[in-house]
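All remarks here apply to the structure that follows.
The values are calculated or read from the model by the stated rules, or taken from the named source; none is laboratory data. Because the structure is a prediction, the values reported are computed rather than measured. Positions of Cβ are backbone-derived with ideal geometry, glycine not excepted, and every protein chain shown enters the neighbour counts.
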Amino acid sequence: MKRLALLTALVAFAASAQAAPETYVIDNSQTVANFSFSYLGMANKTHKFDKTSGKVVFDRDAKTGSAEVTIDAASVNTGIALFNSQMQSADFFDAANYPVITFKSSNMTLDGEQMSLAGNLTIKGVTKPVTLAVTRFKCASNPDFQGDTCLANATVTIKRSDFNMGKYAFLAGNDVTLSLTIGAVREQTVQLASR
């Protein structure tokens, strides 16, 4: 009888361990953070940030999770050094005083018609609630990292004036679309690789 109880407990423990949420570390080499806006009312301009970090916690069974994304504001890349400096200035991201842009979510929904990621976006010291539409989320074995990698696409449109970046409205539209293509490697794999 004791053996049966022990076996039942072990099976229950194994099942709960399998169902436990897993942590994935955002890999900058697989991640792209873009932002686009209307320029002179004629065409969209798209620029990017070169440095992104953070983590994604994913519960496969419940299809829920959370995410923390940190973007280095000084890594803004327009392809032109002069424009980079302007974007880093106090008129826009003010990277000297606000070196990071953060998104923190505790509400990831990966089930139903529309996958989403709701949380708080902080830019230039201003925090606003936003909901990113997730258009793709997939985890698979990645031989390059000898473990699982999750890939996701997420977008949201914000108003730059809400984040104290409303200057030069005659040049650039107020609506800015943030697009994230996230590649995240399972934390256990990263820890093993660093040993």
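When T149, T131, T177 are checked against the criterion of being without any contact (Cβ under 8 Å) to a residue 60 or more places away in the chain and either on the phi > 0 side of the Ramachandran plot or among the hydroxyl-bearing types (S, T, Y) (or both), T131 stands alone in meeting it. Quick one: is K138 in a strand (DSSP E or B), of a type in the set (D, E, K, R) and on the phi < 0 side of the Ramachandran plot? In short, yes.
For D61, the conditions (1) over 22 Å from G125 (Cα atoms); (2) in a strand (DSSP E or B); (3) not small (G, A, S) are fulfilled apart from (2). The set of residues in segment 38-47 that are in a strand (DSSP E or B) and surrounded by fewer than 17 Cβ atoms within 10 Å (Cβ to Cβ) comprises S38, Y39, A43, N44, K45, T46.
Here S105 clears all of (1) part of a loop (DSSP other than H, G, I, E, B); (2) buried (at least 16 other Cβ atoms within 10 Å of the Cβ) except the condition numbered (1).
Among the residues of segment 18-44, the ones that are within 20 Å of G79 (Cβ to Cβ) and within 21 Å of the chain's Cα centre (by Cα) come to 9 in all. Within segment 111-155, the set of residues being within 15 Å of the chain's Cα centre (by Cα) and surrounded by 18 or more Cβ atoms within 10 Å (Cβ to Cβ) comprises M115, L117, G119, L121, I123, L132, V134, F137, T149, C150, A152, A154.
For beta carbons closer than 6 Å, sequence separation of 6+ or different chains, a first residue in segment 42-71 that is under 17 Å from I26 (Cα atoms) and touching a residue at least 12 places away in the same chain (Cβ under 8 Å) and a second that is of a type in the set (F, W, Y) and part of a strand (DSSP E or B), the qualifying pairs are V56/Y24; G65/F58; V69/F103; I71/F49. The single condition from (1) in contact with a Phe, Trp or Tyr (Cβ under 7 Å, 6 or more places away or on another chain); (2) modelled with pLDDT of 95 or more that E68 fails is (1).
Within the set T181, T149, the sole residue that is under 21 Å from F37 (Cβ atoms), assigned to a strand (DSSP E or B) and among the hydroxyl-bearing types (S, T, Y) turns out to be T181.
Annotation note: Cβ proximity below 8 Å between a residue of segment 80-97 that is among the small types (G, A, S) and a residue that is exposed (fewer than 12 other Cβ atoms within 10 Å of the Cβ) and at pLDDT 95 or above (sequence gap 6+ or interchain) occurs for A90/A96; A90/N97. Candidates in segment 109-146 are the residues that are among the small types (G, A, S) and modelled with pLDDT of 90 or more; of these, the one that is farthest from A90 (Cα to Cα) is S116.
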